[in-house]
Amino acid sequence: MNHCYFFTEKMCVGYQDRTLIKDIEITLPKGEILTLIGANGAGKSTVLKSIAGQLRLLGGTVCLEEETLSAMDRKALARKMSVVFTERLKTELMTCGDVVETGRYPYTGRFSILSEEDRQIVREAMDLIRVTEIRDVDFRKISDGQRQRVMLARAICQEPEILILDEPISYLDIRHKLDFLSILEEMREKKGLTVIMSLHELELAKIISDKIMCLKGEYVLRYGTPKEIFEGKFIEQLFDITEERFAANEKFLAYIRKVGSYG
């Protein structure tokens with residue numbers, strides 16, 4: 001019997017009965033961060049949507065505390081798992097505060113009326129993500145970076161045990177990228193939050209992750225610790241990068257870090 005907090009067994013994912021990735025095996029203790037990396041089109045979003053139940057599994061199982069997610073009541077699952085994807089919400093006439101408040105719906109009654117405790121949790125989430133100043137702004141009129149932060153506040157006020165994130169920092173500037181990662185780290189340490197996410201930023205994935213899953217082709221190419229993933233020439237193989245291109249990227253990253261240290 002598997003005693004990890006979250007695990008998959010022979011999970012197969014894809015669209016319309018066409019399998020994209022086969023036999024995905026994840027084992028994740030509570031409070032760990034798993035990051036999916038790979039080239040565009042490698043299937044990172046497909047894996048995350050399949051874990052979250054937004055796509056039908058084409059094989060295998062996904063389990064949370066040894067209970068299959070497919071067998072869990074939707075409201076009960078929403079109290080344990082929160083999801084932030086890149087799709088736009090339908091938010092006509094909704095302020096940023098209204099959007100964040102929807103994260104409390106798994107805890108409200110049939111009329112979705114928030115209690116004072118719910119409203120306090122919403123305020124704390126917005127303060128934590130630093131979006132309180134745009135609370136009363138129309139959600140459709142804010143920037144992509146602000147939208148991502150509002151959606152993160154919505155996810156956090158849902159008080160999940162596990163958070164599923166698809167490219168959560170892609171539209172954020174460097175300060176907000178680092179803020180975001182520090183918030184995840186704090187919630188992992190204080191509340192035992194488990195995180196499964198995809199990132200393009202390899203340097204940040206290397207720093208924040210306990211485990212990394214590398215996607216390329218029909219199968220998971222490698223699954224392990226950051227040290228195991230980033231050793232040797234594996235990243236060049238994963239992204240089909242030549243040695244010359246990889247060396248140039250390393251020089252560029254070193255330059256960015258140097259410039260950033262003066263800011």
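Filtering region 169-209 to residues that are within 15 Å of Leu34 (Cβ to Cβ), in contact with a helix residue (DSSP H, G or I) (Cβ under 7 Å, 6 or more places away or on another chain) and among the β-branched types (Val, Ile, Thr) leaves Val195, Ile196, Ile208.
Enumerate the strands (runs of 3 or more DSSP E) found wholly within region 1-112, keeping only those where 1 or more residues are open to solvent by 10 Å² or more (accessible area, probe 1.4 Å) and farther than 24 Å from Lys190 by Cβ.
So the answer is 6-15, 18-24, 59-64.
Look at (1) of a type outside the set (Gly, Ala, Ser); (2) within 28 Å of Met81 (Cα to Cα); (3) modelled with pLDDT under 90; (4) touching a Ser or Thr at 6+ places or on another chain (Cβ under 9 Å) and you find that Glu236 fails only one, number (2).
More than 16 Å from the chain's Cα centre (by Cα), modelled with pLDDT of 95 or more and over 24 Å from Ala153 (Cα atoms): is that true of Thr242 in this structure? So Thr242 fails the test. Among the residues of region 164-203, the ones that are of a type outside the set (A, V, I, L, M, F, W, C) and under 21 Å from Lys30 (Cα atoms) come to 12 in all.
Go through region 46-78 residue by residue and tally those that are more than 17 Å from the chain's Cα centre (by Cα) and of a type outside the set (S, T, N, Q). Looking only at that region, the number is 16. Taking residues in region 12-30 that are in contact (Cβ under 8 Å) with a residue 60 or more places away in the chain, and partners anywhere that are surrounded by 13 or more Cβ atoms within 10 Å (Cβ to Cβ) and of a type in the set (Lys, Arg), the pairs with Cβ atoms closer than 9 Å and at least 6 places apart or on different chains are Ile26/Lys211; Leu28/Lys211. For region 114-128, indicate whether the set of residues that are out of contact with any Gly (no Cβ under 9 Å at 6 or more places or on another chain), in a loop (DSSP other than H, G, I, E, B) and either of a type outside the set (Gly, Ala, Ser) or open to solvent by 30 Å² or more (accessible area, probe 1.4 Å) (or both) is non-empty. Within region 114-128 (the criterion being out of contact with any Gly (no Cβ under 9 Å at 6 or more places or on another chain), in a loop (DSSP other than H, G, I, E, B) and either of a type outside the set (Gly, Ala, Ser) or open to solvent by 30 Å² or more (accessible area, probe 1.4 Å) (or both)), the answer is yes, since at least one residue qualifies.
Pairing residues of region 105-124 that are under 19 Å from Lys75 (Cα atoms) and at pLDDT 95 or above with residues that are surrounded by 10 or more Cβ atoms within 10 Å (Cβ to Cβ) and aliphatic (A, V, I, L, M), at Cβ distances under 6 Å and at least 6 apart in sequence or on separate chains, gives Val122/Val100. Count of region 157-168 residues, restricted to those that are under 15 Å from Leu36 (Cβ atoms) and charged (D, E, K, R), is 2.
Among the residues of region 122-154, write down those that are more than 18 Å from Val84 (Cα to Cα) and under 21 Å from the mean Cα position of the chain (by Cα).
The answer is Glu124, Asp127.
Among the residues making up region 60-109, those that are out of contact with any strand residue (DSSP E or B) (no Cβ under 7 Å at 6 or more places or on another chain), closer than 26 Å to Arg135 by Cα and polar (S, T, N, Q) are Thr91, Thr102, Thr108.
The values are calculated or read from the model by the stated rules, or taken from the named source; none is laboratory data. Since we're looking at a predicted model, the values are computed, not measured. Counting neighbours? That spans all protein chains shown, and the Cβs are built from the backbone with ideal geometry, glycine included. To get the accessible areas, we keep the full protein, side chains included, count just its heavy atoms, and leave off ligands, DNA and RNA. Shrake-Rupley method; radii C 1.70, N 1.55, O 1.52, S 1.80 Å.
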